[in-house]
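The values are calculated or read from the model by the stated rules, or taken from the named source; none is laboratory data. If you're wondering where the values come from, they're calculated on a predicted model, not measured in any experiment. Ideal geometry is used to build each Cβ from the backbone, glycine not excepted, and the neighbour counts take in all protein chains shown. Calculation scope for accessible area: heavy atoms of the full protein, side chains included, ligands and nucleic acids excluded. Shrake-Rupley method; radii C 1.70, N 1.55, O 1.52, S 1.80 Å.
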Amino acid sequence: MRRFLTPLVIALAPIGASASDAPSVVSVNVCTDQLVMLLAEPSQIVSLSDLSDDPRSSVMAAAAAHFAKNNSQAEVIALQNPDVVVAGDYSDPSLVALLRSIGIDVVQFPITTSLQDIPDDIRRMGDVLGQGDKADVLADRLERDLAALATASADAPLGAFFLPNGFSLGAGTLSHDILSAGGARNLSVELGFEGNGTLSLEQVVFYQPDLLIGSQPFSGFSLSEEIAVHPALVNYPVLLTSVEWVCGTPFVMDAIASVREQITDMTAAKSD
């Protein structure tokens, strides 16, 4: 969809600091990759993670194809000699420690668990990159868009995350916030799930959700995915998550829009 950012990125182009004034950066995490590409001048970007140009992992895979990759190898990053490395909180601790031991500044970003955290992470990345003005514009717009959203009502359609092996997502996850902002309740939350958990096929059939939220299938055969296509579920509408659901970027607005569109289509189908 890419509805949220295309015009805004064009408008942001002249706003930030020039590359000569701003630090050079290496990213070793697929989510920090995306924030870096949104905010940094291209000449600031020394390299990105190996997943950055994988369309199954990043919403900005096409843009990432133009940049060098580092494979998260300390030797490669040391030779690239960036001013700063940005990583996730769960990036390889030995990599982070080694880079810091040789004097390379490493800034780590947490996994995003709430829509409300994203604007602050955008501004923090803007500070790291010397692109605070650009980050403020992006974060301010996202805050306005998030503030305009209504949370799901008590009688909203009931959604159930039913991923490979019955994996599900409850309160305190970005996916739950996206589902709720899109206008659906979350079965896992109503069952008391905090964070991640597992739903059984029997629970899904018993509670009769209006909508299943699944994952994009990979090529090949996987027993873990078989449960999601069980014959007992054949009549349930299914919304497949996408890379817009994964990272704390403004592209979450597209994920929210996909939920709203699904609910609108479901409502229209029921009224026919």
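Only one of the listed residues (A68, A87) is more than 16 Å from I102 (Cα to Cα), touching a residue at least 12 places away in the same chain (Cβ under 8 Å) and open to solvent by 40 Å² or more (accessible area, probe 1.4 Å). That residue is A68.
Scanning the stretch 30-54 for residues that are part of a loop (DSSP other than H, G, I, E, B) and either at pLDDT below 95 or touching a Lys or Arg at 6+ places or on another chain (Cβ under 6 Å) (or both) yields a count of 1.
I want to confirm something. Restricting to the stretch 96-124 and keeping residues that are farther than 16 Å from Q34 by Cα and touching a strand residue (DSSP E or B) at 6+ places or on another chain (Cβ under 8 Å), which single residue is surrounded by the fewest Cβ atoms within 10 Å (Cβ to Cβ)? So the residue we want is R100. Pairs are defined by a Cβ separation below 6 Å, a sequence spacing of at least 6 or placement on different chains, a first member in the stretch 180-202 that is farther than 17 Å from I263 by Cβ, and a second member that is surrounded by fewer than 15 Cβ atoms within 10 Å (Cβ to Cβ); the pairs so defined are E194/G172; G195/G172; L201/H230. Scanning the stretch 45-84 for residues that are of a type in the set (K, R) and either within 23 Å of P250 (Cα to Cα) or in contact with a Pro (Cβ under 8 Å, 6 or more places away or on another chain) (or both) yields a single hit, R56. Return the residues of the stretch 125-166 that are of a type outside the set (D, E, K, R) and open to solvent by 50 Å² or more (accessible area, probe 1.4 Å); say none if nothing qualifies. V137, A147, A148, A150, T151, S153, A154, N165, listed by residue number.
With the structure loaded, tell me whether A184 is surrounded by 13 or more Cβ atoms within 10 Å (Cβ to Cβ), more than 20 Å from S58 (Cβ to Cβ) and not polar (S, T, N, Q) or whether it fails that test. So A184 fits the description; yes. Please give the number of the condition L191 fails out of (1) modelled with pLDDT of 95 or more; (2) buried (at least 16 other Cβ atoms within 10 Å of the Cβ). Only one criterion in (1) modelled with pLDDT of 95 or more; (2) buried (at least 16 other Cβ atoms within 10 Å of the Cβ) is unmet by L191, namely (2). In the stretch 27-45, of all residues being among the hydroxyl-bearing types (S, T, Y) and crowded, with 18+ Cβ neighbours inside 10 Å, the one that is nearest to the chain's Cα centre (by Cα) corresponds to T32. Taken over the stretch 46-55, the criterion of being surrounded by 24 or more Cβ atoms within 10 Å (Cβ to Cβ) and hydrophobic (A, V, I, L, M, F, W, C) is satisfied by L48 alone.
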